[in-house]
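Just so it is clear, none of the values below were taken in a lab; they were calculated from the coordinates. Keep in mind that what you see is a predicted model, and the values were worked out from it rather than measured. We place every Cβ from the backbone using ideal geometry, glycine too, and count neighbours over all the protein chains shown.
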Amino acid sequence: MITVSECELAADGKPFKLITLQNSNGMQICLTDWGATWLSCQVPIKQQLRKVVLGCSTVALHVVQGAYLGASVGRFANRIANAEFSLHGNHYQLDANQQGKHQLHGGSVGFAQQRWTISEQQANSVQFSLFSANGDQGFPGNLEAKVRFSLREDNAVVVEYSALSDQDTPLNLTNHAYFNLDGESAEQTALQHRLKINAAYYLPVDAEGIPKEPLKPVANSGFDFRQSKPIAQDFLHDADQKIVAGYDHAFLLDNPSLGVQPQIELSASSGDLTLQIFTDQAAVQVYSGNFLAGTPNRTCGVYANHAGIALETQALPDTPNHPEWFKYGGISNAGERYHKTTVFCFKAN
Ligand code: BGC
């Protein structure tokens, strides 16, 4: 079932559109057209609905917080070093919105900071579209981006990004939801969750989050999540974590596909809810909410650090400056449709 309504006024003077999808188990997700943002997610557990993604008390607050809660991030999620890159011999200077130096999440008016259009709606899904003109935030090519959110009967949220550009361009689209499977207002931080990631390599970064060396094996480090373990177990144990105050790294998935095995599994500390993530994206940025403190929460208070964990499926950061990583995605060719799907499947245990 879908319902579409309007609420508070957005920065453009028009109301936010609110879209609610509900399945026959009573699971409900709420989205808004601003930033094509996933606002909330309520999962039925033992006859009760549990809110499992972080969010704010109003939509107006939600879309201005700086943590990208639930937003659709583009044109290039994550960082581009020194806000510049060269492609086919042309140099491009991008909007530098991280410390006036690097570009983070597509620039200061990226896809998360714009109103998308509702381009399709069905009983269990909604599609948003956005046009990004040649030169937008410094990127080449006119680009049409779309995202479809569907709520399935098996309590899975399917997020499908597609796009088409008329010039070759960096492109890396992801959703930036933060999960807390104990409930977003739980005492327990997400560090008490168990996490499993099928990834043998991660990408070390410098203090500004810029890749500083090649992909590195996770073996014998706190980055080894190939067997499920509590996130807290090896938290801050490695120099590569200390430099960015926790996990804030890309993990290269061993076998990205939408097949039967999830690439990532997150479980509530109580063990009563598991999130399985299936994706055809090459990597996942694991961000343990190291700087979440002060972000407005749903009850007019603020979240603490690590209140949620973001599991952002995407290409590797700074790919436009690393041709050796083009094979993992991150550059989209003119006239070739980009299509990436991530399935977030919630299972009560
Ligand atoms: C980045 C973090 C950043 C957060 C909020 C994450 O995707 O990896 O470094 O603080 O987004 O912008």
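Where only DSSP H runs of four or more residues are counted, the chain gives -500 deg cm²/dmol as its mean residue ellipticity at 222 nm, each run worth -39500 (n - 2.57). At 7 Å along Cα-to-Cβ for each site, give me the label-to-label distance between Leu49 and Thr3 in nm. Between Leu49 and Thr3, the simple spin-label model gives 0.9 nm. Given in Å, the Rg to one decimal and the Dmax to the nearest whole number for the Cα atoms of segment 1-132 are 17.1, 59. In terms of surrounding Cβ atoms within a 10 Å radius of their Cβ, Cys345, Cys300, Cys56, Cys41 rank from fewest to most as Cys300, Cys345, Cys56, Cys41. In this label model, Asp254 and Asn134 are separated by 4.6 nm, measuring between points 7 Å along each Cα→Cβ vector. With each label modelled as a point 7 angstrom along the Cα→C-beta vector, the Asn82-Glu336 pair spans 2.7 nm.
Per residue, the average separation of C-alpha pairs within less than 8 Å and at least 6 apart gives the chain a relative contact order of 18 percent.
Positive contributions from Lys and Arg (+1) and negative ones from Asp and Glu (-1), summed over other residues with Cβ under 14 Å from the Cβ of Gly335, come out at -3. Summing +1 for each Lys or Arg and -1 for each Asp or Glu among the other residues whose beta-carbon sits under 12 angstrom from that of Ala36 gives +2. May I ask you to derive the relative contact order of segment 189-319, considering only C-alpha pairs under 8 Å and at least 6 residues apart, and to give it as an integer percent? Once divided by the residue count of segment 189-319, the mean separation gives 26 percent.
Rounded to the nearest whole Hz, the Karplus-based 3J(HN,Hα) values (6.51 cos²θ - 1.76 cosθ + 1.60, θ = phi - 60°) of segment 160-169 follow the sequence 10, 9, 9, 6, 8, 10, 9, 9, 4, 8, with x at glycine and proline.
Between segment 29-89 and segment 248-292, what is the C-alpha centre distance in whole Å? Comparing the Cα centres of segment 29-89 and segment 248-292, I get a distance of 16 Å. Between Glu153 and Arg226, what FRET efficiency follows from the Cβ-Cβ distance if R0 is 30 Å, with the result rounded to 0.05? Step by step, r from the Cβ atoms, then E = 0.45.
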